[in-house]
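What follows is a set of notes on a single structure, which appears directly below.
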Amino acid sequence: MITSLSNTKLARINEVLSLVPPLHHGFLGGSLGLLYYYYYAGEALQDEALYDKADALLEQVFAHLNDDKGSLSGYAFSDGAAGLGYVLSNLQQNGLLDFDIDTELTDIDRYIFDAALDHITKTKVDYLHGAMGALHYFSSRVQTPVINQYVNELTAAFCTAAISHDNGIYFLNSSLERLDNKKVDLGLAHGLPGFLLLLIDAWPNVKDKERLEQIIRAGIAFILSQEQPARAMQDEYSSFPCYLELDPHKSFRIDRLAWCYGDLNTVLLLYRAGKVLGTDAYTHIANRLGRQSVGRRDEEATLSKDTHFCHGSAGLAQFYKCLYQESENQIYLDAYRYWIAVTMELIDDEIEKGKYSANPVSILEGWPGVGLVLIEYMANRPMNWAKAFLL
């Protein structure tokens, strides 16, 4: 019954997506994100029509690249060359695409590396829109000598950019206009937990593990120093602020629970750091914070009011599935199932009301992200699409 219902919801999502051409070729809001969805959905559902749509979109991307029409913007993971490289690498490694990535992307890879290295010196280090997205891409690649050199040089440069603080280290991120040199972001999408998760992803391929361990531990220490008691009776649900202002010092707590921001970001970071660094204390803190999070289910306690992946119910569902895979703790599996049910309940009404009409093909804030979460639920097996988003 649930599988039949999921199929019905997915069919409606696919119908919406079939009616809307992508606005550009970027990963997060354009053709690359849509074809990423179609390839995974085609494989999970054994649907040749979805494969055909994916192939057609990829042909368009390559045609415009070859015609030099500027179909991608810069090097960033979000809408540039790192997003292209990541999508091709991921699909190839998971048997969804036959593509000689090492030969075909040599020049593009060099461009991505040079641009990212330059941006680290300028504090343009954002995961989605800056240098750390390039590291994410290179860490995901099969490690040829050249790719491994890129990983190590970018990691070393990023570690050098760390700013010491009494409580540890942090990084400045000026990739977005709202982030400046007086703010420290504490979210996964643009801030310190995301940066440290990206460094942990790079860990197996980094030669100077001693230096990297120092940075990861110091970054975690800084985050943990910002913990504030959650007081639901006073409508304060989050244990960590959304961001800090440094001069003068002031923390801003927003009670969001989501992929992009919130306590779950720190929970995931602590589980992974606990494993990589062999530190049980991190795992114990993650267990405590995770238990506190699962009871947050209404809009007031989560700020989740729609389905989308970035800060809606689909992203929460996938996040809890990831936490279950990290910890094997049943409470996360229960939370995953709860947020899947919420997502399926919302889909029909959102489609009827034209939700996400500004850009339905956005993978973070439109229907492909929701669809990816549903197809993995229907397949009832781990899939590797969510690694793009550190899950």
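The values are calculated or read from the model by the stated rules, or taken from the named source; none is laboratory data. Owing to the predicted nature of the structure, the values given are computational and were not obtained by experimental measurement. Virtual Cβ from ideal backbone geometry, glycine too; neighbours counted across all protein chains shown. Just so you know, the surface numbers come from the protein's heavy atoms only, side chains and all, with ligands and any DNA or RNA stripped out. Shrake-Rupley method; radii C 1.70, N 1.55, O 1.52, S 1.80 Å.
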Hey, among 142, 125, 146, which residue is modelled with pLDDT of 95 or more, closer than 25 Å to residue 93 by Cα and assigned to a loop (DSSP other than H, G, I, E, B)?
142
Just the residues that are farther than 16 Å from residue 26 by Cα, small (Gly, Ala, Ser) and buried (at least 23 other Cβ atoms within 10 Å of the Cβ), please, taken from the stretch 77-136.
116, 131
Taking the stretch 44-94 and keeping residues under 16 Å from residue 363 (Cβ atoms), charged (D, E, K, R) and part of a loop (DSSP other than H, G, I, E, B) leaves 79
Out of curiosity, is residue 97 part of a loop (DSSP other than H, G, I, E, B) and aliphatic (A, V, I, L, M)?
yes
Give the number of residues within the stretch 187-222 that are within 21 Å of residue 251 (Cβ to Cβ) and open to solvent by 10 Å² or more (accessible area, probe 1.4 Å).
3
In the set 276, 370, which member is closer than 21 Å to residue 42 by Cβ, touching a helix residue (DSSP H, G or I) at 6+ places or on another chain (Cβ under 9 Å) and not acidic (Asp, Glu)?
370
Boolean, residue 98 is at pLDDT 95 or above and more than 26 Å from residue 223 (Cα to Cα):
no
Within the stretch 343-377, can you find the residues that are over 21 Å from the mean Cα position of the chain (by Cα) and touching a residue at least 24 places away in the same chain (Cβ under 8 Å)?
344, 346, 347, 348, 350, 351, 355
Test residue 273 against the stated conditions and say whether it is in a helix (DSSP H, G or I), modelled with pLDDT of 95 or more and either within 20 Å of residue 370 (Cβ to Cβ) or open to solvent by less than 50 Å² (accessible area, probe 1.4 Å) (or both).
yes
Report whether or not residue 177 is without any contact (Cβ under 8 Å) to a residue 12 or more places away in the chain and open to solvent by 50 Å² or more (accessible area, probe 1.4 Å).
yes
Just to check your reading of the model, which residue among 338, 356, 320 is hydroxyl-bearing (Ser, Thr, Tyr) and farther than 24 Å from residue 78 by Cα?
338
Scan 345, 352, 328, 300 and give me the residue that is under 21 Å from residue 242 (Cβ atoms) and either open to solvent by 60 Å² or more (accessible area, probe 1.4 Å) or of a type in the set (Lys, Arg) (or both).
300
Only one residue in 118, 102 is among the acidic types (Asp, Glu) and in contact (Cβ under 8 Å) with a residue 24 or more places away in the chain. Which one?
102
Residue 184 meets each of (1) part of a strand (DSSP E or B); (2) farther than 27 Å from residue 323 by Cα with one exception, condition (2)
What number of residues in the stretch 229-246 are closer than 17 Å to residue 168 by Cβ and open to solvent by 40 Å² or more (accessible area, probe 1.4 Å)?
2
Selection over the stretch 185-218 where residues are closer than 15 Å to residue 265 by Cβ and either more than 19 Å from the chain's Cα centre (by Cα) or among the charged types (D, E, K, R) (or both) yields a count of 2
